[in-house]
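Chemist: Just dropping this structure here.
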Amino acid sequence: MTAPRPLVAGNWKMNGLKAQLKELTELAQGFDDALKSKIDLLVCPPATLVCPAANATNGARIAIGAQDCHTGVSGAHTGDVSAQMLGDCGATFVIVGHSERRADHGESDATVRAKAKAVLAAGLTAIVCVGETRAQREANEATAVVGRQIDGSLDALFDPAKIVVAYEPVWAIGTGLTPTTADVAQMHEFIRHRLVALYKEAGAGVRILYGGSVKPSNARELMGVKNVDGALVGGASLKAADFLGIAAAYR
Ligand code: PGA
């Protein structure tokens, strides 16, 4: 099986008012045919901007995603948003289980799995995030932790074509620190084996993104690692020029 088509995904987190949408215009201009032929580009703005972002990128081949969703479709859940609603707005991806949600909202693997299931049921693609803390890495528990998160957050019944896994070491997020390429290679190979165990040959086609302090200056090195099929980018996705600089790793 040939390597999966790379996906470069931006996670704006809780950043961006309407004025931020101008970055999408710049992104569309820089996402030229040469790059389009090689990678998929995705931006996940806050929920308030999913609809206008999808309208703004319509036709530019830039996908729009959300950063979270509820496990249900509709009902008495004040303040929550369902995957179906996000899809209705033009989202085609939803990030689930980001470490900030696992930490800030106590999301368990079971919750993440239920959210991923809801994303797939809505016909969208789920980006399932996993990653160890610094203490877990120092205690040599990184692979055990990530293995547990994969097993608990995915389901053998999921359609592997609608799943993306993002490996994001918690200690690398927003810190400027990144694992060595050897550590990234080791973890991505471990995740690949887990995916193949779950989904057989189709597991080889699931994209495994690396996330955590990806920037234009380290993107080429990180994206060049075996089994790294793209990036999930936080801070450096807020400026189109930086995000395009990361995507340029695939030129
Ligand atoms: P960062 O965030 O690129 O700012 O480190 C990555 C993420 O949390 O997805």
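Computed from the coordinates by the stated procedures, all read-outs in this text should not be read as laboratory data. In this text the structure is predicted, and so the values were computed from the model without any measurement. Reconstructed Cβ throughout: ideal geometry from the backbone, glycine too, with neighbour counts over all protein chains shown.
Chemist: Calculate the all-directions average of the projected area of the range 5-70's alpha-carbon convex hull, and give it in nm².
Modeler: Values: hull surface 18.3 nm².
Value for the range 5-70: 4.6 nm².
Chemist: Subtracting the Cα-Cα distance from 0.36 nm times the residue separation, let me have the gained length for Asp183 to Thr133 in nm, one decimal.
Modeler: Numbers: separation 50, 0.36 × 50 = 18.00 nm, distance 1.41 nm.
Taking Asp183 through Thr133 to full extension adds about 16.6 nm, to one decimal.
Chemist: I need the per residue convex hull volume for the range 69-136, using only the alpha carbons, in cubic angstrom as a whole number. Walk me through the numbers before you get to the answer.
Modeler: Details: hull volume 5.9 nm³, N = 68.
Considering the Cα atoms of the range 69-136, their hull volume per residue is 87 Å³.
Chemist: Applying a 10 Å radius around every beta-carbon, put 218-227, 171-180, 101-110 in order of their mean neighbour count, most first.
Modeler: In descending order of packing, they fall as 218-227, 171-180, 101-110.
Chemist: Here's another thing I want to ask about it. Between Asn55 and Thr2, how many nm apart are label points set 7 Å from Cα along the C-beta direction?
Modeler: The two pseudo-label positions are separated by 3.8 nm.
Chemist: Under a Cβ-Cβ cut-off of 12 Å, what is the net charge of the residues other than Lys226 that fall near it, where Lys and Arg count +1 and Asp and Glu count -1?
Modeler: Numbers: positive: Arg192; negative: Glu189, Asp229.
Summing Lys/Arg as +1 and Asp/Glu as -1 gives -1.
Chemist: Rank these for me by crowding, Tyr210, Tyr199, going from fewest to most other beta carbons within 10 Å. Before the final figure, lay out each step's value.
Modeler: On the way: Tyr210 29, Tyr199 19.
With the fewest neighbours first, Tyr210, Tyr199 line up as Tyr199, Tyr210.
Chemist: Which cysteines does the chain leave without a neighbouring Cys Cβ under 4.7 Å?
Modeler: Singleton cysteines: Cys44, Cys69, Cys129.
Chemist: While we're looking at this one, here's another question. Write out the trypsin sites (Lys or Arg not before Pro) in the range 13-100 meeting two conditions: DSSP loop, and at most 13 other Cβ atoms within 10 Å of their Cβ. Mind dumping the intermediate values first?
Modeler: On the way: sites: Lys13, Lys18, Lys22, Lys36, Lys38, Arg61; in loops: Lys13, Lys38, Arg61.
Sites meeting the loop and neighbour criteria: Lys38, Arg61.
Chemist: Sort out for me the Cα centre separation of the range 219-248 from the range 1-38, rounded to whole Å.
Modeler: Spelled out, the Cα-based centre of one part sits 10 Å from the other.
Chemist: May I ask you to work out the translational diffusion coefficient for the range 155-251 at 10 °C, viscosity 1.306 mPa s, via Stokes-Einstein with Rh from the Kirkwood sum over Cα pairs, reported in whole µm²/s?
Modeler: Roughly 115 µm²/s, to the nearest whole number.
Chemist: Considering the alpha-carbon set of the range 94-228 alone, what are its Rg and its Dmax in angstrom?
Modeler: 14.0, 39
Chemist: Go through 182-190, 237-245, 87-95 and give me the packing order, highest mean Cβ count within 10 Å leading. It would help to have the intermediate numbers written out before the result.
Modeler: Working: 182-190: 17.0, 237-245: 19.3, 87-95: 21.3.
Sorting 182-190, 237-245, 87-95 by mean packing, highest first, produces 87-95, 237-245, 182-190.
Chemist: Find the centroid of the Cα atoms in the range 75-98 and in the range 154-186, then give the distance between the two in whole Å.
Modeler: Here the two parts' Cα centres lie 22 Å apart.
Chemist: Next question, about the same structure. When the label point is put 7 Å from the Cα of Thr92 along its Cα-to-beta-carbon vector, which residues of the range 24-48 have a backbone N closer than 12 Å?
Modeler: 40-43
Chemist: Can you tell me the equivalent ellipsoid semi-axes for the range 1-120? Use √(5λ) from the Cα gyration tensor, largest first, whole Å. Please report the intermediate quantities before stating the final value.
Modeler: On the way: eigenvalues 132, 62, 33 Å².
The answer is 26, 18, 13 Å, longest axis first.
Chemist: Counting pairs on different chains as well as pairs 8 or more places apart, how many Lys pairs in the range 112-251 have Cα atoms under 17 Å apart?
Modeler: Details: Lys115/Lys162; Lys117/Lys162; Lys162/Lys200; Lys215/Lys239.
Lysine pairs, 8 or more places apart or on different chains, close enough: 4.
Chemist: Same structure again: For the chain, what Kirkwood radius comes out of the mean inverse Cα-Cα distance, in Å?
Modeler: Numbers: mean 1/r = 0.0559 Å⁻¹.
This gives a value of 17.9 Å.
Chemist: Distance in nm between label sites at Ser37 and Val73, each 7 Å beyond Cα in the beta-carbon direction?
Modeler: 4.3
Chemist: How large is the direction-averaged shadow of the alpha-carbon convex hull of the range 211-251, in nm²? Spell out each step's value before the answer.
Modeler: Numbers: hull surface 10.2 nm².
The orientation-averaged projected area of the Cα hull of the range 211-251 comes to 2.6 nm².
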